[in-house]
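Structure record follows, encoded as structure tokens.
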Amino acid sequence: MPVRSGRRTPSAPFYQALPSQVAGALPIELRGFEHRRVSGVMKFHYGRPETHYEAWYHSAQGRVEVGLHFEGGRELNQACLEFFRAHMVEVKGSLPNAELEPWDRGWARLYETFPAASLDHVALAATARLIADYVITLQPLLDQFWSDQVSLPRNSLQNRRQGRRDQGSERATEGAGPEARERVAQKLTPRSASLADEPVGSAGRRPRRPSHLRRLSGEGH
């Protein structure tokens with residue numbers, strides 16, 4: 001079923017088309033992402049699902065959210081928050097509307113939203129382009145972050161326990177369906193709702209990660 005301009009469509013065609021559109025907007029070396037749909041959200045990552053990119057349609061607000069989400073244990077999420085806070089001047093140079101904040105369940109996100117009355121081909125193209133902009137800008141920093149974690153006790157007992165609690169919470173939310181996600185959507189900050197009206201701005205061979213990153217293990221939701 002094609003996604004057509006000017007017609008309100010179910011979300012399934014939008015999310016089905018999104019991965020290939022994102023891959024086409026990325027340079028070859030970044031096309032090897034993994035992706036999965038969770039309820040009304042599409043997630044993209046490069047072997048680390050606890051730090052992933054998201055496209056999420058907030059139907060009640062008529063806005064699409066695109067961002068990098070940190071959804072591991074609390075220690076990891078806090079480390080991500082501090083790392084990217086220190087790089088926000090650099091991030092804002094390429095993603096001027098991006099906002100960094102802690103949010104639900106001890107998670108954190110670096111994101112923005114833009115208006116989309118329907119999930120037509122215009123919204124699809126804008127979402128894919130913005131995800132690509134986020135990946136191109138943030139993935140080098142994210143790789144640096146993970147490299148820095150080699151010497152940190154990321155797999156502490158507290159972090160593992162928190163990760164299991166977060167995973168259990170997500171399973172409950174997924175079972176509840178899109179309505180539960182929309183309740184979380186009400187937590188959108190006033191600042192995010194006032195962002196600019198327009199965004200700025202299959203998978204190929206997966207790039208091989210450095211060995212020191214492959215040794216790291218962790219499970220996101």
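If you go through segment 27-39 and keep only what is of a type outside the set (K, R) and surrounded by fewer than 21 Cβ atoms within 10 Å (Cβ to Cβ), you end up with P27, I28, E29, L30, G32, E34, H35, V38, S39. Kindly provide the set of residues from segment 53-89 that are surrounded by 21 or more Cβ atoms within 10 Å (Cβ to Cβ) and touching a His at 6+ places or on another chain (Cβ under 8 Å), ordered by number. The answer is Y53, V64, E65, L68, H69, E71.
Of the residues making up segment 122-141, just one is crowded, with 18+ Cβ neighbours inside 10 Å and in contact with a Ser or Thr (Cβ under 6 Å, 6 or more places away or on another chain), namely T137.
For the condition farther than 20 Å from S147 by Cβ, at pLDDT 95 or above, crowded, with 18+ Cβ neighbours inside 10 Å and among the acidic types (D, E), what is the one hit in E50, E101, E112? Give the derivation first.
Details: E50 fails: farther than 20 Å from S147 by Cβ; E101 fails: crowded, with 18+ Cβ neighbours inside 10 Å.
Unique residue meeting the criteria: E112.
Which of the strands (runs of 3 or more DSSP E) contained wholly in segment 13-99 include at least 3 residues that are under 16 Å from the mean Cα position of the chain (by Cα) and among the hydrophobic types (A, V, I, L, M, F, W, C)?
41-45, 63-70
Taking the stated definitions as given, is R63 farther than 18 Å from L18 by Cα, touching a Pro at 6+ places or on another chain (Cβ under 9 Å) and of a type in the set (D, E, K, R)? No.
The values are calculated or read from the model by the stated rules, or taken from the named source; none is laboratory data. Please read all numbers here as calculations on a predicted model, not as lab measurements. Cβ: placed from backbone, ideal geometry, glycine included. Neighbour counts: every protein chain shown.
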